[in-house]
Amino acid sequence: MKCPNCAQENRASLKFCRKCGRDLTLPPAWFPGWKWHLKTLSWIYLVIIAGFFTLSWLLHKLPPPYDQRRIPPEMTPWLSPHKIPAP
Ligand SMILES: [Zn+2]
C-alpha cells in the first residue's frame with residue numbers, strides 16, 4: 001500500500017507508514033477535481049446573478065417613493081462637493 005502522505009510503499013498489513021508514521025487505516029482525503037470546482041462555482045455564480053436580478057426586479061416593484069433610483073443632491077452633498085446647496 002502506498003502512503004498518501006509521503007508515497008512510501010508499505011506492506012498492506014501495516015497500520016502506520018514506515019517512513020512518516022501516518023495512520024494508513026484512515027481513508028485518503030478527498031480532493032475535488034477541476035470539474036467539481038467548475039460545477040460548484042457555476043452554481044454559485046448562477047445563484048448570485050439570478051438573486052441579483054430577482055432582487056433588482058423586486059425593488060423596482062416597490063411603491064413610490066421607495067422605487068426611486070435618484071437620490072436628491074441635497075441629501076448627498078459629498079457627491080457634488082463643488083456645488084453649494086441652496087439654503
Ligand atoms: Zn508515509
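The values are calculated or read from the model by the stated rules, or taken from the named source; none is laboratory data. Bear in mind the structure is a predicted one, so any value in this text is a computation, not a measurement. Note that each Cβ is placed from the backbone with ideal geometry, even for glycine, and that neighbours are counted across all protein chains shown.
Working carefully through the options Ala29, Ala7, find the one that is part of a loop (DSSP other than H, G, I, E, B), of a type in the set (A, V, I, L, M, F, W, C) and on the phi > 0 side of the Ramachandran plot.
Details: Ala29 fails: on the phi > 0 side of the Ramachandran plot.
Exactly one residue qualifies, and that residue is Ala7.
Looking across Arg11, Arg22, one residue alone is without any contact (Cβ under 8 Å) to a residue 60 or more places away in the chain and out of contact with any Cys (no Cβ under 7 Å at 6 or more places or on another chain). It is Arg11. Check the range 16-35 and report whether any residue there is more than 16 Å from the ligand (Cβ to nearest atom) and of a type in the set (Val, Ile, Thr). No, the range 16-35 has no match at all.
Out of all the residues in the range 6-22, is one or more at pLDDT below 85 and out of contact with any Pro (no Cβ under 7 Å at 6 or more places or on another chain)?
no
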